[in-house]
Amino acid sequence: MSEKLHERARKARLDTMQRHVLVCTDDDCGGSGVAKALRKAITAHGLRSTVSIAKVDCLDICTKGTIAVVYPEGTWYAGLKPSRVERLVTEHLRDGRVVTDLVFHRNPLAPGCRPPEHPTEP
Ligand code: FES
């Protein structure tokens, strides 16, 4: 592979990443503010080397936004607002406890990532 590609992978912290958060930033979901707040909180809590945020155009849910999904757990969140980001970052991304009152679906993609209990709809 090219040196440039390896450099980009290093800058993206792919070797240390433990969680990837995809945030819908389509206008219907209004997630731009959520994504910005997520980046700020992740930095504030010293999680930049282990958590990556990706802004995406749509996650095919398109209701009760802002929608986001956290991998590898496959935990789907709805109703996110900048004011709720601190809980997502501290409870889930830092402490590993899903914020159940904001979760509407779970589908882990890897063995061993099963969440502890069923969520309630936000
Ligand atoms: S517009 Fe956000 S999930 Fe489709």
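The values are calculated or read from the model by the stated rules, or taken from the named source; none is laboratory data. Please read these numbers as outputs of a predicted model, since none were measured by experiment. FYI the Cβ positions are ideal-geometry reconstructions off the backbone, even for glycines, and counts take in every protein chain you see.
Give the residues of region 86-97 that are surrounded by fewer than 20 Cβ atoms within 10 Å (Cβ to Cβ) and at negative phi, sorted by residue number.
Of region 86-97, the ones surrounded by fewer than 20 Cβ atoms within 10 Å (Cβ to Cβ) are 86-87, 90-91, 94-97.
Passing the criteria: 86, 87, 90, 91, 94, 95, 97.
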*Filter region 6-64 for residues that are acidic (Asp, Glu) and part of a loop (DSSP other than H, G, I, E, B); which is farthest from residue 105 (Cα to Cα)?*
15
*Would you check if there is a residue in region 67-85 being near the ligand (Cβ under 10 Å from one of its atoms), of a type in the set (S, T, N, Q) and either at pLDDT below 95 or surrounded by 18 or more Cβ atoms within 10 Å (Cβ to Cβ) (or both)?*
no
*Which pairs have Cβ atoms under 7 Å, sit 6 or more apart or on different chains, and link a residue in region 54-75 that is on the phi > 0 side of the Ramachandran plot to one that is more than 8 Å from the ligand (Cβ to nearest atom) and of a type in the set (D, E, K, R)?*
74/106
*Hey, among the residues in region 42-66 that are of a type outside the set (A, V, I, L, M, F, W, C) and within 16 Å of the ligand (Cβ to nearest atom), which one's surrounded by the most Cβ atoms within 10 Å (Cβ to Cβ)?*
66
